[in-house]
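Written below as C-alpha coordinates is the structure these notes are about.
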Amino acid sequence: MRFADDLDLLGGARPPAWWSWALLAAGAVALCAAGNVYQKADSALDHEQGRLAQAQRRLSQQQNAADAQAQRAALDAVDRQSAQARNQQLHDAADVVSALQHPWGEVLSGIELSSDPDQGQALLALRHSATDREVLIDAAVKDDDAALKLVDALAAQTDVFEEASLRSRETLAQPQGALTVHVQISASLKAASPVIAENTRGRS
(Lines give C-alpha, C1' and ligand atoms only; values in the text may rest on other atoms or scores of the structure.)
Protein backbone atom coordinates (compact mmCIF):
# COMPACT_ATOMS: atom_id res chain seq x y z
CA MET A 1 0.00 0.00 0.00
CA ARG A 2 2.89 2.31 0.47
CA PHE A 3 3.56 1.99 -3.20
CA ALA A 4 0.13 3.27 -3.98
CA ASP A 5 0.54 6.15 -1.59
CA ASP A 6 3.73 7.17 -3.25
CA LEU A 7 2.03 7.45 -6.64
CA ASP A 8 1.35 11.08 -7.66
CA LEU A 9 -0.77 10.88 -10.85
CA LEU A 10 -1.87 14.55 -10.88
CA GLY A 11 1.49 15.95 -10.14
CA GLY A 12 2.10 18.99 -8.03
CA ALA A 13 0.39 22.31 -8.58
CA ARG A 14 2.34 24.43 -11.04
CA PRO A 15 1.93 28.15 -11.69
CA PRO A 16 0.66 29.01 -15.18
CA ALA A 17 3.29 29.94 -17.72
CA TRP A 18 3.71 33.57 -18.78
CA TRP A 19 2.70 32.88 -22.36
CA SER A 20 -0.70 31.58 -21.24
CA TRP A 21 -1.41 34.96 -19.70
CA ALA A 22 -0.23 36.56 -22.90
CA LEU A 23 -2.62 34.40 -24.95
CA LEU A 24 -5.47 35.26 -22.62
CA ALA A 25 -4.73 38.99 -22.95
CA ALA A 26 -4.44 38.70 -26.72
CA GLY A 27 -7.77 36.87 -26.85
CA ALA A 28 -9.44 39.56 -24.76
CA VAL A 29 -8.02 42.30 -26.98
CA ALA A 30 -9.14 40.44 -30.11
CA LEU A 31 -12.62 40.01 -28.63
CA CYS A 32 -12.90 43.73 -27.88
CA ALA A 33 -11.65 44.60 -31.35
CA ALA A 34 -14.16 42.23 -32.91
CA GLY A 35 -16.93 43.81 -30.86
CA ASN A 36 -15.92 47.29 -32.02
CA VAL A 37 -15.79 46.15 -35.65
CA TYR A 38 -19.22 44.57 -35.30
CA GLN A 39 -20.67 47.73 -33.77
CA LYS A 40 -19.17 49.89 -36.52
CA ALA A 41 -20.42 47.51 -39.22
CA ASP A 42 -23.88 47.42 -37.68
CA SER A 43 -23.92 51.24 -37.44
CA ALA A 44 -22.75 51.54 -41.05
CA LEU A 45 -25.45 49.08 -42.14
CA ASP A 46 -28.12 51.07 -40.35
CA HIS A 47 -26.83 54.26 -41.97
CA GLU A 48 -26.87 52.74 -45.47
CA GLN A 49 -30.33 51.32 -44.91
CA GLY A 50 -31.51 54.77 -43.89
CA ARG A 51 -29.98 56.30 -47.02
CA LEU A 52 -31.59 53.59 -49.14
CA ALA A 53 -35.00 54.23 -47.58
CA GLN A 54 -34.57 58.00 -48.13
CA ALA A 55 -33.57 57.43 -51.76
CA GLN A 56 -36.58 55.18 -52.26
CA ARG A 57 -38.87 57.85 -50.80
CA ARG A 58 -37.39 60.52 -53.09
CA LEU A 59 -37.75 58.21 -56.08
CA SER A 60 -41.36 57.49 -55.15
CA GLN A 61 -42.08 61.22 -54.75
CA GLN A 62 -40.46 61.98 -58.12
CA GLN A 63 -42.44 59.19 -59.77
CA ASN A 64 -45.67 60.47 -58.23
CA ALA A 65 -44.86 64.00 -59.39
CA ALA A 66 -44.07 62.73 -62.91
CA ASP A 67 -47.32 60.75 -62.99
CA ALA A 68 -49.29 63.79 -61.80
CA GLN A 69 -47.61 66.01 -64.42
CA ALA A 70 -48.30 63.46 -67.16
CA GLN A 71 -51.93 63.25 -66.04
CA ARG A 72 -52.25 67.05 -66.06
CA ALA A 73 -50.68 67.17 -69.53
CA ALA A 74 -53.11 64.52 -70.77
CA LEU A 75 -56.07 66.42 -69.29
CA ASP A 76 -54.82 69.67 -70.85
CA ALA A 77 -54.52 67.94 -74.22
CA VAL A 78 -58.07 66.60 -73.89
CA ASP A 79 -59.31 70.09 -72.95
CA ARG A 80 -57.54 71.62 -75.96
CA GLN A 81 -58.97 68.99 -78.29
CA SER A 82 -62.43 69.54 -76.83
CA ALA A 83 -62.08 73.31 -77.25
CA GLN A 84 -60.90 72.86 -80.85
CA ALA A 85 -63.79 70.50 -81.55
CA ARG A 86 -66.27 73.01 -80.08
CA ASN A 87 -64.74 75.84 -82.10
CA GLN A 88 -64.91 73.72 -85.25
CA GLN A 89 -68.54 72.86 -84.55
CA LEU A 90 -69.36 76.54 -84.05
CA HIS A 91 -67.50 77.40 -87.25
CA ASP A 92 -69.34 74.69 -89.18
CA ALA A 93 -72.67 75.84 -87.76
CA ALA A 94 -71.88 79.43 -88.78
CA ASP A 95 -71.04 78.23 -92.30
CA VAL A 96 -74.35 76.35 -92.49
CA VAL A 97 -76.28 79.42 -91.33
CA SER A 98 -74.39 81.60 -93.79
CA ALA A 99 -75.07 79.14 -96.62
CA LEU A 100 -78.78 79.04 -95.76
CA GLN A 101 -78.96 82.85 -95.78
CA HIS A 102 -77.06 83.18 -99.07
CA PRO A 103 -79.18 84.37 -102.04
CA TRP A 104 -78.68 81.27 -104.14
CA GLY A 105 -81.79 82.09 -106.15
CA GLU A 106 -80.29 85.37 -107.36
CA VAL A 107 -77.04 83.69 -108.34
CA LEU A 108 -78.67 80.83 -110.23
CA SER A 109 -81.26 83.01 -111.92
CA GLY A 110 -78.56 85.43 -113.07
CA ILE A 111 -76.56 82.61 -114.62
CA GLU A 112 -79.64 81.00 -116.16
CA LEU A 113 -80.73 84.27 -117.76
CA SER A 114 -77.24 84.79 -119.19
CA SER A 115 -76.99 81.43 -120.96
CA ASP A 116 -78.79 80.83 -124.24
CA PRO A 117 -78.85 77.37 -125.85
CA ASP A 118 -79.80 78.97 -129.14
CA GLN A 119 -76.47 80.83 -129.06
CA GLY A 120 -74.55 77.55 -128.73
CA GLN A 121 -74.02 77.75 -124.94
CA ALA A 122 -74.51 75.05 -122.30
CA LEU A 123 -73.69 75.25 -118.61
CA LEU A 124 -71.61 72.33 -117.30
CA ALA A 125 -70.77 73.18 -113.67
CA LEU A 126 -71.01 75.90 -111.06
CA ARG A 127 -68.59 76.38 -108.19
CA HIS A 128 -69.39 78.95 -105.55
CA SER A 129 -68.95 79.37 -101.80
CA ALA A 130 -71.41 81.31 -99.69
CA THR A 131 -68.48 83.12 -98.05
CA ASP A 132 -66.88 84.16 -101.34
CA ARG A 133 -68.09 86.64 -103.96
CA GLU A 134 -66.46 84.77 -106.84
CA VAL A 135 -68.54 82.37 -108.95
CA LEU A 136 -66.76 79.93 -111.28
CA ILE A 137 -68.83 78.78 -114.24
CA ASP A 138 -67.88 75.94 -116.58
CA ALA A 139 -69.66 76.00 -119.93
CA ALA A 140 -69.51 74.32 -123.32
CA VAL A 141 -69.85 76.67 -126.30
CA LYS A 142 -69.75 76.22 -130.05
CA ASP A 143 -67.00 78.79 -130.64
CA ASP A 144 -65.08 81.69 -129.13
CA ASP A 145 -67.76 84.18 -130.19
CA ALA A 146 -70.36 82.29 -128.16
CA ALA A 147 -67.98 82.28 -125.17
CA LEU A 148 -67.54 86.04 -125.31
CA LYS A 149 -71.28 86.55 -125.64
CA LEU A 150 -71.81 84.48 -122.48
CA VAL A 151 -69.26 86.61 -120.61
CA ASP A 152 -70.98 89.79 -121.79
CA ALA A 153 -74.41 88.43 -120.82
CA LEU A 154 -73.18 87.68 -117.30
CA ALA A 155 -71.63 91.12 -116.95
CA ALA A 156 -74.92 92.63 -118.14
CA GLN A 157 -76.71 91.16 -115.10
CA THR A 158 -75.70 94.22 -113.10
CA ASP A 159 -78.21 93.55 -110.32
CA VAL A 160 -76.40 90.27 -109.54
CA PHE A 161 -72.86 90.45 -110.90
CA GLU A 162 -70.28 93.17 -110.60
CA GLU A 163 -68.07 91.87 -113.40
CA ALA A 164 -67.32 88.75 -115.43
CA SER A 165 -64.22 87.56 -117.27
CA LEU A 166 -63.00 84.58 -119.27
CA ARG A 167 -60.47 82.58 -117.26
CA SER A 168 -59.63 79.66 -119.52
CA ARG A 169 -60.48 78.10 -122.88
CA GLU A 170 -59.74 74.68 -124.31
CA THR A 171 -61.07 72.44 -127.04
CA LEU A 172 -63.38 69.68 -125.84
CA ALA A 173 -61.84 66.24 -126.17
CA GLN A 174 -65.29 64.88 -127.07
CA PRO A 175 -67.42 67.53 -128.82
CA GLN A 176 -71.09 67.55 -127.87
CA GLY A 177 -72.81 68.20 -131.14
CA ALA A 178 -72.05 71.78 -132.15
CA LEU A 179 -70.41 72.49 -128.78
CA THR A 180 -66.66 72.12 -129.27
CA VAL A 181 -65.07 74.50 -126.75
CA HIS A 182 -64.86 74.31 -122.96
CA VAL A 183 -64.55 77.63 -121.14
CA GLN A 184 -64.34 78.71 -117.51
CA ILE A 185 -65.75 82.09 -116.58
CA SER A 186 -65.26 84.00 -113.33
CA ALA A 187 -68.06 86.29 -112.18
CA SER A 188 -67.98 88.52 -109.08
CA LEU A 189 -71.21 88.98 -107.14
CA LYS A 190 -72.26 92.49 -106.24
CA ALA A 191 -71.66 93.42 -102.62
CA ALA A 192 -74.86 95.47 -102.53
CA SER A 193 -76.84 92.55 -101.17
CA PRO A 194 -76.81 92.75 -97.33
CA VAL A 195 -76.28 89.00 -97.03
CA ILE A 196 -73.38 88.95 -99.49
CA ALA A 197 -71.76 91.98 -97.87
CA GLU A 198 -72.08 90.42 -94.42
CA ASN A 199 -70.60 87.11 -95.63
CA THR A 200 -67.71 88.94 -97.27
CA ARG A 201 -66.93 90.90 -94.09
CA GLY A 202 -67.06 87.70 -92.05
CA ARG A 203 -64.57 86.03 -94.40
CA SER A 204 -62.13 88.95 -94.26
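The values are calculated or read from the model by the stated rules, or taken from the named source; none is laboratory data. These figures come from a predicted structure and were not determined experimentally. All Cβ positions, even for glycine, are placed from backbone atoms using ideal geometry, and neighbour counts span all protein chains on display.
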Residue under evaluation R169, criteria (1) surrounded by 12 or more Cβ atoms within 10 Å (Cβ to Cβ); (2) in a helix (DSSP H, G or I); (3) not hydrophobic (A, V, I, L, M, F, W, C), criterion not met: (2)
Test: residue in the stretch 107-120 that is modelled with pLDDT of 80 or more, surrounded by 11 or more Cβ atoms within 10 Å (Cβ to Cβ) and assigned to a strand (DSSP E or B): no
Candidates L126, L172 - the one that is without any contact (Cβ under 8 Å) to a residue 60 or more places away in the chain, under 49 Å from the mean Cα position of the chain (by Cα) and closer than 19 Å to V107 by Cβ: L126
Total residues in the stretch 175-194, condition in contact (Cβ under 8 Å) with a residue 12 or more places away in the chain, more than 12 Å from D138 (Cα to Cα) and within 46 Å of the chain's Cα centre (by Cα): 5
Index of the failed condition, L123 passing every other in (1) closer than 28 Å to G177 by Cα; (2) modelled with pLDDT of 85 or more: (2)
Residue count, the stretch 154-166 (criterion: in a strand (DSSP E or B) and touching a residue at least 40 places away in the same chain (Cβ under 8 Å)): 1
Residue that is closer than 12 Å to V183 by Cβ and not acidic (D, E), where the choices are V135, V160, V141: V141
Counted residues, the stretch 129-169 - those being under 16 Å from L189 (Cα atoms), over 49 Å from the mean Cα position of the chain (by Cα) and charged (D, E, K, R): 1
Some residue of the stretch 88-100 being closer than 30 Å to D132 by Cβ, at pLDDT 80 or above, outside the structural domain of A187 (by TED's automatic domain parsing) and surrounded by 10 or more Cβ atoms within 10 Å (Cβ to Cβ): yes
